[in-house]
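The values are calculated or read from the model by the stated rules, or taken from the named source; none is laboratory data. Owing to the predicted nature of the structure, the values given are computational and were not obtained by experimental measurement. Virtual Cβ from ideal backbone geometry, glycine too; neighbours counted across all protein chains shown.
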Amino acid sequence: MELKSVVALVTGGASGLGEATAEALVASCGRVGICDMDEARGEAVAARLGSNAIFVKTDVTDEKSVAAALDRIVSAFGTVNVAVNCAGVATPGKLVGKRGPIPMEAYERVIRINLFGTVIVCRLCAERMMANAPGEDDERGVIINTASVAAFEGQVGQAAYAASKAAVAGMTLPLARELADSGIRVMTIAPGIFWTPMMAGLPEKAQAALSQMMPFPKRMGRAPEYAALAAHIIQNRMLNGETIRLDAAIRMAAK
């Protein structure tokens, strides 16, 4: 799919990886619906990107909210042929901490946002994409989900987060196989340690320590690097059913 033909729904699009992806797609003449809960920041990003971007306040865990966002994007741009799922949380919590077992509400919140939110967006976007006119190779759409290296090397305190991201990686091939006959590709990106607003709150020493963990380059990933991979996935139809690690060759230690 050519980037100039893209009409994308990007969750978590008001900051970090999602914002960078929205910027990259608009820069290539694509059109983007920025879906996020942060209304002020989302509106600001959409205003900065211009007429090829709109903001829609969206709760990915709420099916009606996602459906309404899709309606807005289709109304504005005529269709949806790309979905990029970047919305997620990385709330830490040991299975048994100083105050006892982790509250199931806390565990469930991580699963609900990271996994259920991704599934809700996938299923509703896939339904819309099935109605698109087929392009080259009968392609009708592309779905890109976001996992994490924690899906493979989850650290202490990441039981909920790692479980949610492992599930996202695990469903990539089954979804790609299911949607193949409809001309919809499904891919997942598993970032390593990336510079995001969440990382910005860490002390400088902690940031430096994280950077030194990276084999090469010895720095945290940058959001535009995630966006560049997402853009390439959209353009390369042979990429389907796979999880790509974007991690500078890091393999996470236990702690």
Note on segment 214-241: residues surrounded by 13 or more Cβ atoms within 10 Å (Cβ to Cβ), more than 24 Å from Gly30 (Cα to Cα) and out of contact with any Gly (no Cβ under 9 Å at 6 or more places or on another chain) are Arg219
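Is it the case that some residue within segment 121-142 is under 18 Å from Val26 (Cα atoms) and touching a Lys or Arg at 6+ places or on another chain (Cβ under 7 Å)?
Yes, because at least one residue in segment 121-142 is under 18 Å from Val26 (Cα atoms) and touching a Lys or Arg at 6+ places or on another chain (Cβ under 7 Å).
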Check every one of the helices (runs of 4 or more DSSP H) wholly within segment 125-213 and list those with 1 or more residues that are among the charged types (D, E, K, R) and buried (at least 20 other Cβ atoms within 10 Å of the Cβ). 159-170
Taking the options Leu202, Leu229, Leu175, name whichever one is in contact with a helix residue (DSSP H, G or I) (Cβ under 8 Å, 6 or more places away or on another chain) and modelled with pLDDT of 95 or more. Leu175
Looking at segment 29-46, which of its residues are closer than 26 Å to Gln235 by Cα and surrounded by fewer than 16 Cβ atoms within 10 Å (Cβ to Cβ)? Cys29
Quick check on segment 86-109. Is at least one of its residues hydrophobic (A, V, I, L, M, F, W, C) and closer than 22 Å to Asn236 by Cα? yes
A careful count of residues in segment 63-92 that are loosely packed, with under 15 Cβ neighbours inside 10 Å and without any contact (Cβ under 8 Å) to a residue 12 or more places away in the chain gives 3
